[in-house]
Amino acid sequence: MTKLHVSEVDKFLASNDKDLANEHPWPADHTTLSWRWTKKEILLDGSYSGFYLAVVYPKLQPSREFGLLIVAPEMIWRVDHWPTSEQFNDFASPTGVPPGRISGPLYYRWEDNRHLMQDGVDPAKFRYARPLPDDIRGYRAALQWFLLETRISVPLRWLRLSEQNFQRISGAPAGFRLPRSAEAG
């Protein structure tokens, strides 16, 4: 299998025209003995991109513990919303990444780990994580934050997100217009 090239990920993440495919908000879950997961295609400029938003969660507590990922098929961005998540960042961490041990909900940004991908995208090489902001707890808040961070538009009805909450979470100034597909929701 050919590895995803770094420039393909850069182009995808730089785009401001990313939307989730506009079928039913989420396809049926896939299930194992203790886990569930689902994924939804991300459109780029209105066309299928080969990138997906995936949600992984245990069957018993789906709103308390979960993972959010962008995959293509390799993971390129990830939120681990597990109370037991832990990462040890090198003391020579990229700018803005706290060095040392991080515990609790955290996230792995492409931009913090891109320099490790000279031979193609490899999720095993993601070594730098950041703590999830303290006010981002629970599935809905984390999903809203994740979509804003990765600039993926969805109709507001999918998130039950008001324009006022969008502005609070995103830091957008008053009067800021929502992305085209978000307004349509």
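The values are calculated or read from the model by the stated rules, or taken from the named source; none is laboratory data. Since we're looking at a predicted model, the values are computed, not measured. FYI the Cβ positions are ideal-geometry reconstructions off the backbone, even for glycines, and counts take in every protein chain you see.
Before moving on, here are some points about what is shown:
- Contact map, region 29-43: first residue surrounded by 13 or more Cβ atoms within 10 Å (Cβ to Cβ) and acidic (Asp, Glu), second residue modelled with pLDDT under 65 and not in a strand (DSSP E or B), Cβ cut-off under 8 Å, separation 6 or more or different chains; the map is empty.
- Selection status of Ile152, in contact with a Phe, Trp or Tyr (Cβ under 9 Å, 6 or more places away or on another chain), closer than 23 Å to Ala21 by Cβ and in contact (Cβ under 8 Å) with a residue 24 or more places away in the chain: yes
- Matching residues in region 94-119 - criterion: being under 27 Å from Glu8 (Cα atoms), surrounded by 12 or more Cβ atoms within 10 Å (Cβ to Cβ) and modelled with pLDDT of 90 or more: Pro94, Val97, Leu106, Tyr107, Tyr108, Arg109, Trp110, Glu111, Asp112, Asn113, Arg114
- When region 54-70 is filtered for residues that are at pLDDT below 90 and under 23 Å from Met117 (Cβ atoms), the ones remaining, listed by number, are Ala54, Val56, Gly67.
- Within region 90-110, the residues that satisfy the criterion of being in contact (Cβ under 8 Å) with a residue 24 or more places away in the chain and part of a loop (DSSP other than H, G, I, E, B) are Asp90, Ser93, Pro94, Gly96, Val97, Pro98, Gly104, Pro105, Arg109.
- Test: residue in region 52-70 that is crowded, with 20+ Cβ neighbours inside 10 Å and assigned to a loop (DSSP other than H, G, I, E, B): no
- Taking the numbered list (1) in contact with a helix residue (DSSP H, G or I) (Cβ under 8 Å, 6 or more places away or on another chain); (2) closer than 24 Å to Pro131 by Cα; (3) at pLDDT 85 or above in turn, Val6 passes all entries but (2).
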